[in-house]
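Please treat every number below as a calculation from the coordinates, not as lab data. Values in this document were obtained by computation on a predicted structure and should not be read as measured data. Neighbour counts are summed over all protein chains in view; Cβ atoms, including those assigned to glycine, are modelled from backbone coordinates with ideal geometry.
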Amino acid sequence: MIQCGHCGIYNPDGATECTKCGARLAIVPPRLRESHRFGPAKAKEIRDKALTAVVLGLLIKVYWGGYGPWPVIDVPILAGIRPWLEPLLLYGGALGYMVGWVLNWV
């Protein structure tokens, strides 16, 4: 059924003019499926998570790195985690953001 854009009446498929008002009906081709494999929504979700990782990495660098007026937290367990967690979050987040940016068009 094709709906008339002027009067709103539904007309049979294949009709070229409205049965009520006589206006020409625009034949709209079926909507094409998105050609994106991931799409902009998924890419934005990936970029948001990547930015979160970068921010957490920066917070670890600032608060555990001694860049502020506060004392550095040197609990043995946390001191063992920091050397691998900080670069993982910073560089992994930056890489994830770039991947999300590229996936926007894939």
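Helix 39-65 versus the longest principal axis of the chain: what angle, 0 to 90°, nearest 10, using Cα atoms?
20
Might you report the magnitude of the Cβ-based charge dipole of the chain about its Cα centre, with Lys and Arg at +1 and Asp and Glu at -1, to the nearest 20 debye? Numbers along the way, then the final one.
Values: 11 positive and 7 negative charges, 40 e Å.
That gives the chain a dipole magnitude of about 200 debye.
Treating the angle as unsigned and between 0 and 90°, give the value, to the nearest 10°, between the Cα long axis of helix 76-103 and the longest Cα principal axis of the chain.
Computed tilt is about 30 degrees.
What does a probe at L58 reach in the stretch 74-105, counting residues whose amide N is under 11 Å from the point 7 Å along Cα→Cβ?
Those under the cut-off are none; the list is empty.
Could you list L51, L103, L89, L95 in order of exposure, starting from the residue whose Cβ has the fewest other Cβ atoms within 10 Å?
Values: L51 15, L103 19, L89 22, L95 12.
Lowest count first: L95, L51, L103, L89.
Can you check how the C-alpha radius of gyration of the chain compares to 2.2 N^0.38 Å, as a plain ratio?
Values: Rg = 27.9 Å, N = 106, 2.2 N^0.38 = 12.9 Å.
Normalised Rg, Cα atoms only: 2.16.
Say R0 is 22 Å: what FRET efficiency, to the nearest 0.05, do L51 and W84 get from their beta-carbon distance?
0.60
Choose one answer from A43, A79, A15: the residue with the largest mean-square fluctuation in a GNM of the chain with alpha-carbon springs under 10 Å.
Among A43, A79, A15, the largest mean-square fluctuation in the Gaussian network model of the chain belongs to A15.
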